[in-house]
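Student: This structure is in structure tokens; I'll ask about it shortly.
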Amino acid sequence: MKKPKIKKVETLAETKFLKLYDAEYENKNGDVRHWSIASRKDLVTVKAQYFNGLKENIDAVIIVAVHEEFNKLVIIKQFRVPLNNYVYELPAGLIDDGEDFETTVKRELKEETGLDLVSIDMKRTKKQVYISTGMTDESVALVYCTCKGETSDENLEADEDIEVILASKEEAKKIIDSNEKIDIKALLAIQNFIYS
């Protein structure tokens, strides 16, 4: 048996924030197959990563923030079009060109919650993890941090409908015990917060 290998990548669809590629690959038995891949990267970058060993950049940040004054976890409840519903999540956002992940954390935390970044826990932060590897090559920095200030919705973009929740351990437990929609990353962070 051989090691699976991508042979060719072609664009199926492309929008501003998301691309869909067809990857022709050879499986471990030598059979040629096709796989659809969602990506935030352009075709030139994807090909350079697959075929020339280009180092991957982080696409986004996911923020696990605890308010330092209240010792409460920052959770958001956001309307998401693919679900046509609200879902519990963590603050998050795409890394802009030329931005490092720390700058993105500060910007997105302020935009989505109104809160100010105090410090990032680099011992717990993981700079590159993957979201849904059967569907996408998207990678994120999972950032643990503390924040301060008062929540606000004054910096939200027109397409962002977000409610900010500062949750104690008891309030966080009620969220995960409810039947409301919850993002898997938020669920794991909430469980970690409750039981740590």
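The values are calculated or read from the model by the stated rules, or taken from the named source; none is laboratory data. Please read these numbers as outputs of a predicted model, since none were measured by experiment. Counting neighbours? That spans all protein chains shown, and the Cβs are built from the backbone with ideal geometry, glycine included.
Student: Looking at the range 9-39, which of the residues that are within 23 Å of the chain's Cα centre (by Cα) and at pLDDT below 95 is farthest from Tyr130 (Cα to Cα)?
Tutor: Lys16
Student: What pairs come out if I take residues in the range 94-123 that are touching a residue at least 60 places away in the same chain (Cβ under 8 Å) and pair them with residues that are among the aromatic types (Phe, Trp, Tyr) whose C-beta lies under 9 Å away, six or more apart or interchain?
Tutor: Taking only residues 6 or more apart or on different chains, the pairs are Leu94/Phe17.
Student: Hey, another quick one. Can we say Gly134 is surrounded by fewer than 16 Cβ atoms within 10 Å (Cβ to Cβ) and either assigned by TED's automatic domain parsing to the domain that holds Ala38 or not hydroxyl-bearing (Ser, Thr, Tyr) (or both)? Can you show your working first?
Tutor: On the way: surrounded by fewer than 16 Cβ atoms within 10 Å (Cβ to Cβ): yes; either assigned by TED's automatic domain parsing to the domain that holds Ala38 or not hydroxyl-bearing (Ser, Thr, Tyr) (or both): yes.
Considered against the rule, which asks whether it is surrounded by fewer than 16 Cβ atoms within 10 Å (Cβ to Cβ) and either assigned by TED's automatic domain parsing to the domain that holds Ala38 or not hydroxyl-bearing (Ser, Thr, Tyr) (or both), Gly134 comes out as yes.
Student: For the range 59-76, check the following and say yes or no: at least one residue is acidic (Asp, Glu) and in contact with a helix residue (DSSP H, G or I) (Cβ under 9 Å, 6 or more places away or on another chain).
Tutor: no
Student: When you scan the range 121-178, how many residues do you find that are under 22 Å from His67 (Cβ atoms), out of contact with any Asp or Glu (no Cβ under 7 Å at 6 or more places or on another chain) and of a type in the set (Val, Ile, Thr)?
Tutor: Total satisfying the criteria: 7.
Student: While we're looking at this one, here's another question. Go through the residues of the range 179-195 one by one and say whether even a single one is touching a residue at least 60 places away in the same chain (Cβ under 8 Å), under 22 Å from His67 (Cα atoms), aromatic (Phe, Trp, Tyr) and surrounded by 17 or more Cβ atoms within 10 Å (Cβ to Cβ).
Tutor: Yes - at least one qualifying residue is present in the range 179-195.
Student: Select, from Val44, Val87, Val32, Val66, the only residue that is over 30 Å from Thr151 (Cβ atoms) and either crowded, with 19+ Cβ neighbours inside 10 Å or in contact with a strand residue (DSSP E or B) (Cβ under 8 Å, 6 or more places away or on another chain) (or both). Working first, answer last.
Tutor: Working: Val44 fails: either crowded, with 19+ Cβ neighbours inside 10 Å or in contact with a strand residue (DSSP E or B) (Cβ under 8 Å, 6 or more places away or on another chain) (or both); Val87 fails: over 30 Å from Thr151 (Cβ atoms); Val66 fails: over 30 Å from Thr151 (Cβ atoms).
Step by step, each of Val44, Val87, Val32, Val66 is checked, and only Val32 is over 30 Å from Thr151 (Cβ atoms) and either crowded, with 19+ Cβ neighbours inside 10 Å or in contact with a strand residue (DSSP E or B) (Cβ under 8 Å, 6 or more places away or on another chain) (or both).
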